[in-house]
Each structure stands twice: as C-alpha cells, then as structure tokens.
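Structure record follows, encoded as structure tokens.
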Amino acid sequence: MLIADSQVSRLYGPRVAEELEAAGHQVDLLEFPAGEWNKSRDQWTSLTDQMLAAAVGRDAVVLGLGGGVSGDLAGFVAATYMRGLPVVQIPTTLLAMLDSSVGGKTGVDTEAGKNLVGAFHHPALVVIDPEVLGTLPRLQRLAGLAEGIKTAAILDLDLWNWIEERAGELVDGDLDVQSELIRRTVAHKADVVAGDPAEAGRRAILNFGHTVGHAIETLEGYTVLHGEAVAAGMRVEARLGEGLGVTEVGTARRIADLLAACGLDREWEMERRHDEIASAMELDKKSRAARPHCVLLARIGEVAIGPDGYTTPLDDDVLEGRLADALRPASEP
Ligand SMILES: NC(=O)c1ccc[n+]([C@@H]2O[C@H](COP(=O)([O-])OP(=O)(O)OC[C@H]3O[C@@H](n4cnc5c(N)ncnc54)[C@H](O)[C@@H]3O)[C@@H](O)[C@H]2O)c1
Ligand SMILES: [Zn+2]
C-alpha cells in the first residue's frame, strides 16, 4: 500500500509503483489531498476504509511516500490497521529526511493541537533519495533546515559550525551539502531514538524549540510550516534559557543569526500574543499537570540537564514574566 499526498503522488507515485512492480510486488497507490490539515482522523478513516474495501490483509506493507504529513499519516495507518503492518518510510521533504521519517512517531492532528492522537511505530526501512529535493519549493527546503539546526544545537557543536560555514550552499540547495547534512543529522537522530525509542527520557531533547513551536502552529491553525514554527521556537526558548540563567549568554544571538542566514526569521508578532501562546503551551502534550515543559540548552551543542531531567517545567511566573521577555523580536537586543 503506497500512501502519498496528491502532490507527491503526481510527481513520484507512478515511478515508485512501477519500480516496486518490476521487483515483483503488487502495489496499490492510495492518494490523499496534500496539506497539514489533512493529517487528520478523517483521512485516517478514509485510507483505512479503502484498505478494508480492497481486502488488504496482514501480509501487506505500508509505504509512506512524501513529507512529514504523508509519513505521519501512513505510519499511523500502518500502526493501527489490523493491529499493525510494517511501514517503510520514503521521505521526500528535507524535514522528513532529516527528522520525521526516522524515530517511529506517527499520528494525526486534532482541533486541540498537533499530533495529539498517534502511536509509536518504527519503520522497517527508511529510503532517502536527496535528488527529489530538486522539486521541493524553496521555503519548504529552508523550513527543513530548522530541524538540522536544532539537532546541531542540542548535540553537536562541530555540526553547528559546519552548518554556519555552509549556510549559503544549504540555502541554495546544493545536493552534496544537503546530503551530508542529512547523513550527519540522521545519525544523531537514530542514535538518540535507539537509546530511548518511546521517549521515556533523553529522547525529549529532540523537542528543543518545539514547546513554543507547537504553540505557534496551534495558534496559526496549521498554515505555518512546522520548521518555521520550530525556528521561532528555538529563538524564544534560547532566550528563555538565558533569562533563567541556564543557557550560556550569547547562545540566543547565535541561534537567531544562523536562522536568519537560512531565511528562517519570521516573527508572527509573538510578543503581542503572549497570553495566547502561554495557554497553547499549557495544552502541549509535553506538559504534565498542565505545566508546560521546555528543553533548554546549556550552550550550542549541549542540552541543560536540571533537577527534572532533560526538560524544565515552566511555572506560572516564568510564563508571565520571562516568556513575555523572550517573545520580543530577535532584532531587539
Ligand atoms: N514524526 C515525527 O517525528 C515528526 C517530526 C517532525 C515533523 N513531523 C511532522 O511533519 C509534518 C511536516 O512535514 P513536511 O514539512 O514534510 O510537510 P508536508 O508533508 O506537508 O510536505 C510539504 C509540501 O511539500 C510537498 N512535497 C513533498 N515532497 C516534495 C518534493 N520532493 N517535491 C515537491 N513537493 C513536495 C507536499 O506535497 C506538501 O505540499 C508536520 O505534520 C509535523 O508535525 C513529524
Ligand atoms: Zn519537529
């Protein structure tokens, strides 16, 4: 069962299907409309109904072809159909190659927030062909860079320095430089996930930038690209860390500068919407007892570990005071 969104299906669906058929497999191409708002329970229902109507059995394999939306949705179909079929991820966006295709998180969005209904279902195989990035719109490519920058920020100062040096080539879409970024980022992601597959502990560090990032996505009704929201989230969370005395001073500036060099400097008037952002953060799935938790950096390449482990609970006074301060535009010192 080859599952792809309409756009990716048009570009690459028939070719992938033909190659699989040439290798002796029977292939059904299932298409759903492209767009984050289709990572939904409705599309999950439609896809599983189509599979039931086609009498697909437990001997089937699901292939998720496309960006994070296709991968998360196809993965969730695979996780749940007849209590679970194997899934192969074939990511076609930079974000999906760097991040979402590896790690086994699958699911759909709901009115209450993103990814709130889902399952862990690790792929049997991930196939990455960076050449398909040639057809990806520029802003999508840049948004994908955010997850590579995040990985470097939490784990790897050498990778961070390399991204700073190569930012121009990455922005221009150089195939070799992008391929190296994918190799190095996926190696980190696979390593973290292998050590903590169901996010009981250390895996949470991958959520740097995501507490605020998810709040922005929720407020914007999913019209914002995930990577753009995570970029804004990293800027804010780095400032928050500095404000709390946890993050080395100067880190937030360096993060804001690299993101700006990669065209990821949209602000969304966050300062004005402080109250809305704070309440959306309280709904985020990382919150326990309605207290949002946030991954803070010690410095570039290293996450801070506090009394609560890899994430820091944000009390009301932090949400009222320091968060408001961290939401100021990056251009303000
Ligand atoms: N599972 C995880 O661990 C994880 C991690 C990060 C993000 N995500 C999820 O990923 C989703 C975002 O993924 P995304 O940014 O890849 O978005 P996406 O899947 O919506 O893809 C973006 C757009 O690009 C098109 N597209 C994809 N590949 C293309 C190609 N090669 N050429 C031309 N067009 C192409 C798609 O049709 C779509 O319109 C979010 O829902 C986010 O929550 C999941
Ligand atoms: Zn992400």
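Assign one of three labels to the stretch 178-296, namely rounded, prolate or oblate, based on the Cα gyration tensor with a ≥ b ≥ c the square roots of its eigenvalues; rounded applies when a/c is under 1.5, prolate when it is not and a/b is larger than b/c, and oblate otherwise.
Verdict is rounded for the stretch 178-296.
Where only DSSP H runs of four or more residues are counted, the chain gives -14500 deg cm²/dmol as its mean residue ellipticity at 222 nm, each run worth -39500 (n - 2.57). With an a/c value of 1.5 or above and a/b not larger than b/c for the gyration tensor axes a ≥ b ≥ c computed over the alpha-carbon atoms, the stretch 40-116 is described as oblate. By the count of other C-beta atoms within 10 Å, a proxy for reagent exposure, Arg41, Arg254 are ordered fewest to most as Arg41, Arg254.
Comparing His293, His25, His214 in a Gaussian network model of the chain where C-alpha atoms under 10 Å apart are linked, the largest mean-square fluctuation is found at His25. Projecting the Cα positions of Phe76, Thr218, Ser40 onto the charge dipole of the chain (unit charges on Cβ atoms of Lys, Arg, Asp and Glu, taken about the Cα centre) puts Phe76 furthest along the positive direction. Dipole magnitude for the chain: computed about the Cα centre from +1 point charges on Lys and Arg Cβ and -1 point charges on Asp and Glu Cβ, it is near 540 debye. Its Kirkwood hydrodynamic radius, worked out from the mean inverse distance over all distinct Cα pairs, puts the stretch 43-178 at 16.0 Å.
Which of Met51, Met234 has the fewest other C-beta atoms within 10 Å, and how do the rest follow up to the most?
By the 10 Å Cβ count, ascending: Met51, Met234.
List residues of the stretch 70-88, by number, whose backbone nitrogen lies under 14 Å from a label position 7 Å along Cα→C-beta of Leu125. Within reach of a label on Leu125: 86-88.
When the square roots of the Cα gyration tensor eigenvalues are ordered a ≥ b ≥ c, the ratio a/c for the chain is 1.5 or more and a/b exceeds b/c, which makes its shape prolate. For the stretch 2-134, the dipole from Cβ point charges (+1 on Lys and Arg, -1 on Asp and Glu) about the Cα centre works out to 340 debye, to the nearest 20. The residues Ser70, Ser40, Ser6, when put in order of fewest to most other Cβ atoms within 10 Å, stand as Ser6, Ser40, Ser70.
No lab work stands behind these numbers, since they all come straight from the coordinates. What you see is a predicted model, and the numbers here were worked out from it, not measured in a lab. So basically every Cβ, Gly included, is an ideal-geometry build from the backbone, and we count neighbours across all protein chains shown.
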